[in-house]
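The values are calculated or read from the model by the stated rules, or taken from the named source; none is laboratory data. Computed from a predicted model, the values in this text were never measured in an experiment. Glycine gets a Cβ as well: all are built from the backbone with ideal geometry, and neighbour counts include every protein chain shown.
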Amino acid sequence: MTMLLKRVRIHSYEMGLHFHDGEFRGLLGEGRHWFFDPLGKVRVEVVSQRSPWLVHEQLDTIVKSGALADRAVVLDLNDNQRALVWINGRFSHVLPPGLYAYWTGQKDVRIEVVETDGVRFEHKDLAVIAQATKVDALLDVCRVEQNRVGVLFYDGRYVDTLKPGLYAFWKRTAHAWLVEVDMRETIVELGGQEIMTADKVTLRLNTTVTYRVADAHRVVTATVDLRQAVYREGQLALRAAVGTRELDAFLADKDALGRQIEEMLHARAEELGVEIVSVGIRDVILPGDMKELMNRVTEAKKAAEANLIARREETAAMRSQANTAKLLETNPTLMRLRELEVLEKVATNSKMNVVLGEKGLAERVVNLL
């Protein structure tokens with residue numbers, strides 16, 4: 001008799017799936033269950049509700065029977081739907097299209113169904129969802145860093161320019177492509193440029209071009225390598241500007257050359273989606289013989305300037321002496337005082353004998369020490 005009976009024990013956290021001859025017959029709750037099974041056609045599969053997701057090859061049959069109505073949450077997602085699963089208040093995973101069932105007896109299960117008509121996925125808890133395991137199977141998650149923007153394309157078509165932040169896009173709906181563009185000022189060095197001036201002097205110049213992005217969409221679509229494009233355009237503008245100037249004019253006003261290059265780059269920079277902030281001539285390196293010649297010219301100019309200053313000083317001194325002589329000539333008393341000043345200075349530094357003679361005073365000799 002015992003061979004004809006089958007006993008099944010179901011615990012409080014378990015559920016039994018009852019099958020007879022391969023057909024689903026119902027659910028078995030907590031307790032002991034006996035079955036008369038002389039032909040061995042009864043099968044009971046015991047599943048744990050601690051793992052709330054019910055996975056079974058005959059799930060569609062189980063769902064259609066209605067046995068799960070009060071015991072589980074059933075989802076049937078179409079191609080344009082996805083589901084966010086929260087278990088006990090914590091995000092668990094994302095579900096693709098398909099049929100699903102979650103037990104509700106042991107754990108608190110919350111399901112949020114979202115439509116994927118739009119490629120971009122937006123949610124108030126996106127930061128939490130993005131950190132879940134295996135979420136990358138259904139979502140492309142990316143972050144636009146500070147001081148950058150993201151240029152967004154769907155299937156090669158420009159959609160929007162995104163500010164810094166976290167973004168997610170559904171896979172298998174459209175190909176989402178996000179390109180980050182740095183919005184900070186960037187410096188391009190044009191180093192070691194050998195250029196000939198209008199008077200056939202070869203110079204080596206080191207120049208800097210500073211730019212910043214004005215239109216991120218245009219930057220992404222106009223060129224493959226923005227930095228290389230700015231370098232090339234700056235190089236061409238530098239050669240064109242220096243080639244029209246003579247050496248002396250160039251050295252006299254290097255800032256004017258920078259302004260001219262900046263103006264020449266303006267139209268091309270606008271096409272590339274950038275704004276030229278400044279152009280500066282950092283170093284000018286002359287050929288060895290030209291450098292020596294320039295030093296000689298500078299030395300000659302300085303010598304001429306020093307000679308001119310000396311002549312001006314001599315002329316001023318002579319003019320002053322002439323004025324003094326004229327004043328002494330017209331004033332004998334002042335002339336006499338001047339003589340006495342000279343005598344006093346001489347007597348201070350040496351021993352001198354002075355003889356004064358005037359109307360009988362010639363015999364009088366005064367010894368001045």
Quiz item: Which of the residues that make up region 157-198 are on the phi > 0 side of the Ramachandran plot and not assigned by TED's automatic domain parsing to the domain that holds LEU247?
Solution: GLY165, ARG172
Quiz item: With ARG110, ARG82, ARG25, ARG32 as the choices, which residue is loosely packed, with under 13 Cβ neighbours inside 10 Å, in a strand (DSSP E or B) and in contact with a strand residue (DSSP E or B) (Cβ under 8 Å, 6 or more places away or on another chain)?
Solution: ARG32
Quiz item: Among the candidates GLU262, GLU233, GLU270, GLU246, which residue alone is at pLDDT below 95, over 27 Å from the mean Cα position of the chain (by Cα) and in the same structural domain as ASP199 (by TED's automatic domain parsing)?
Solution: GLU246
Quiz item: If you check every pair at least six apart or on different chains, which have Cβ atoms under 8 Å apart with a residue in region 88-108 that is basic (Lys, Arg) first and a residue that is at pLDDT below 95 second?
Solution: LYS107/GLN49; LYS107/ARG50; LYS107/PRO52; LYS107/ILE87; LYS107/ASN88
Exercise. Quick one: which residue in VAL355, VAL277, VAL297, VAL365 is of a type in the set (A, V, I, L, M), under 60 Å from the mean Cα position of the chain (by Cα) and at pLDDT below 75?
Key: VAL297
Self-check item: Among (1) farther than 30 Å from VAL135 by Cα; (2) buried (at least 17 other Cβ atoms within 10 Å of the Cβ), the one test that TRP170 misses
Solution: (1)
Practice problem: Could you grab the pairs with beta carbons closer than 7 Å, sequence gap of 6+ or different chains, first residue in region 204-224 and free of Cβ contacts under 8 Å to residues at least 12 places away in the same chain, second one assigned to a helix (DSSP H, G or I) and not hydrophobic (A, V, I, L, M, F, W, C)? | Solution: none
Practice problem: Could you tell me whether any residue of region 60-70 is more than 30 Å from ALA168 (Cα to Cα), outside any loop (DSSP other than H, G, I, E, B) and touching a His at 6+ places or on another chain (Cβ under 8 Å)? | Solution: yes
Self-check item: Residue in region 151-160 that is of a type outside the set (Lys, Arg), outside any strand (DSSP E or B) and either touching a Gly at 6+ places or on another chain (Cβ under 9 Å) or within 21 Å of LEU257 (Cα to Cα) (or both) present
Solution: no
Quiz item: What single numbered condition from (1) of a type outside the set (D, E, K, R); (2) farther than 18 Å from MET264 by Cβ; (3) within 25 Å of the chain's Cα centre (by Cα) fails to hold for GLY192?
Solution: (3)
Quiz item: If you go through region 134-144 one residue at a time, do you hit one that is part of a loop (DSSP other than H, G, I, E, B) and over 30 Å from GLY16 (Cα atoms)?
Solution: yes
